[in-house]
1. Do we find that residue 176 is free of Cβ contacts under 8 Å to residues at least 40 places away in the same chain and either touching a helix residue (DSSP H, G or I) at 6+ places or on another chain (Cβ under 7 Å) or away from the ligand (no atom under 16 Å from the Cβ) (or both) in this structure?
2. Quick one: would you say residue 85 is in contact with a helix residue (DSSP H, G or I) (Cβ under 8 Å, 6 or more places away or on another chain) and closer than 15 Å to residue 15 by Cα?
3. Hey, among the residues in segment 89-98 that are buried (at least 18 other Cβ atoms within 10 Å of the Cβ) and more than 9 Å from the ligand (Cβ to nearest atom), which one's nearest to residue 109 (Cα to Cα)?
4. What residue, among those in segment 107-123 that are closer than 19 Å to residue 133 by Cα and crowded, with 16+ Cβ neighbours inside 10 Å, is farthest from the ligand (Cβ to nearest atom)?
5. Take the residues in segment 47-65 that are part of a loop (DSSP other than H, G, I, E, B) and within 16 Å of the ligand (Cβ to nearest atom), then tell me which one is farthest from residue 4 (Cα to Cα).
Ligand SMILES: C[S@@+](CC[C@H](N)C(=O)[O-])C[C@H]1O[C@@H](n2cnc3c(N)ncnc32)[C@H](O)[C@@H]1O
């Protein structure tokens, strides 16, 4: 049985179907402020806390999950936050269609789908190609946070960062089990409540690093963006 798609009427929601091809994502917000992106916002626990902590940053929260976008919008509207917009959008699709150099002050990836089976490991969103692409979109000294409950995903990503020129680790070790002031997402809270560790990684684009447009790897058509978002 297919689930009925909930229509999202919230002013926080940006319907990607209505966006012109050359839309500048900064223009979606009432105030001109630095723009941060959360990939896979779920039902919005993280973004409503982070946006309240940082009212002078605009936050675009994306997810491919319609009900998650609906719930995130509802919570943003209830909170009165004006610096959040939500789109139902696949991460690589968003960046390949609307991304430009140095556009983001921060990227947040909290508990991405782990794809634990060996034959599905290539479906993981965060890999060498993806992290290299992000250096193009993050502005100099901008942040990338990768948080996961899955130890081997944490290790895979921690081992990948040093193989890419342009990142600078902001933590005393490749990853830590705490990050002061970092809001908890629903999945983080769930796993911590079960006594399981969360692995935090915080990297920055080096201030003097430039990734020339011709060296940006092409967006991979991953498992997620091979599927239609209808339904
Ligand atoms: C395991 S849940 C974690 C949700 C939330 N970040 C949290 O920590 O509570 C992963 C979320 O990422 C979304 N997602 C997975 N792949 C995505 C992609 N390529 N682009 C955008 N969202 C994605 C899923 O729909 C799901 O809501």
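We did not get these values from a lab; they are worked out from the coordinates using the rules stated. Since the structure is predicted, the reported quantities are computational estimates derived from the model, not experimental observations. Cβ atoms come from the backbone with ideal geometry, glycine included; neighbour counts cover every protein chain shown.
1. On the way: free of Cβ contacts under 8 Å to residues at least 40 places away in the same chain: yes; either touching a helix residue (DSSP H, G or I) at 6+ places or on another chain (Cβ under 7 Å) or away from the ligand (no atom under 16 Å from the Cβ) (or both): yes.
So residue 176 fits the description; yes.
2. Values: in contact with a helix residue (DSSP H, G or I) (Cβ under 8 Å, 6 or more places away or on another chain): yes; closer than 15 Å to residue 15 by Cα: yes.
It is true that residue 85 is in contact with a helix residue (DSSP H, G or I) (Cβ under 8 Å, 6 or more places away or on another chain) and closer than 15 Å to residue 15 by Cα.
3. Within segment 89-98, the subset buried (at least 18 other Cβ atoms within 10 Å of the Cβ) is 89-95, 98.
Subsequent filtering for residues that are more than 9 Å from the ligand (Cβ to nearest atom) retains 95, 98.
Details: 95: 14, 98: 19 Å.
Applying the filter and picking the extreme gives 95.
4. Restricting attention to segment 107-123, the residues satisfying the condition of being closer than 19 Å to residue 133 by Cα are 107-110, 112, 122-123.
Imposing the further condition that a residue be crowded, with 16+ Cβ neighbours inside 10 Å reduces the set to 107-110, 112.
Values: 107: 12, 108: 8, 109: 8, 110: 4, 112: 6 Å.
Selected residue: 107.
5. First pass over segment 47-65, keeping only residues part of a loop (DSSP other than H, G, I, E, B): 54-57, 64-65.
If we keep only those that are within 16 Å of the ligand (Cβ to nearest atom) as well, we get 64-65.
Working: 64: 15, 65: 12 Å.
Per the criteria, the residue is 64.
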